[in-house]
Amino acid sequence: MLSQDKRHLIAKRVAEELEEGQIVNLGIGIPTLVPQYLGEKEVYLQSENGLLGIGPAPTEEELDIDLMNAGKEPVTAIKGSSFFSSADSFALIRGGHIDVAILGTLQVDVKGEIANWAVPNQPILGVGGAMDLVAGAKKVIIAATLFNNKGESKLVSNLTYKTSGIRRVELFVSDYAVFKFTDDGVRVVEIIEDITIEELSEKVGISLEYAEEKILN
């Protein structure tokens, strides 16, 4: 099982990418941890089941069983938040009004195309809102561990799972490194784990290079 430290490490790093005033959609899983690391940053978090203005996870005293996110997890609502129908929520997404979508993934290829809704030989629940978010959000950040529970890299040369949409995501924040996707392919922006880029390349089976941007500590 993925340790809480890794989940929170990824969520904290994703929160650093968000800017004041942005409308941000949170996918299921690690993305739902991001609100805990926003601090005083004023970001408007949206859940596709019809809430704009998600706050941090509730304490036991704050828990309201009628206030849930798209992953059926309890949330809080900040002052000024709004509630609306699922139809209006998807109008926001499809209309290009979401600045950033933070999603989990099963695979992401070196071109930045993702697969995050169907595993071969497993029951298919449907793509849900992932397809709309991939197509409609101005920026997509993937928040996921680099390896699945079988030890297989989620960063792959080519997708072997069903695609979520033909669109390049901008960033993949993992527990090992932060990857950026450009016309030239995947680049490493920052290494988080205590590992060299050569060792990381060997682990994922892909020859990796640093991006031109300054590498963070």
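Laboratory data are not the source of any read-out in this text; all were calculated from the coordinates shown. Quantities reported herein were computed from a predicted structural model and do not represent experimental measurements. Cβ atoms come from the backbone with ideal geometry, glycine included; neighbour counts cover every protein chain shown.
In table form, for the structure just shown:
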{"item": "Label point distance in nm, I197-K41, each placed 7 Å from Cα along Cα→Cβ", "result": "2.5 nm"}
{"item": "Label-to-label distance, nm, for residues given as A91 and N49 (7 Å Cα→Cβ offset)", "result": "2.2 nm"}
{"item": "Compactness relative to 2.2 N^0.38 Å, alpha carbon Rg of segment 4-204", "result": "1.00"}
{"item": "Spin-label pair R168/T59, simplified geometry with 7 Å Cα→Cβ offset, distance in nm", "result": "4.6 nm"}
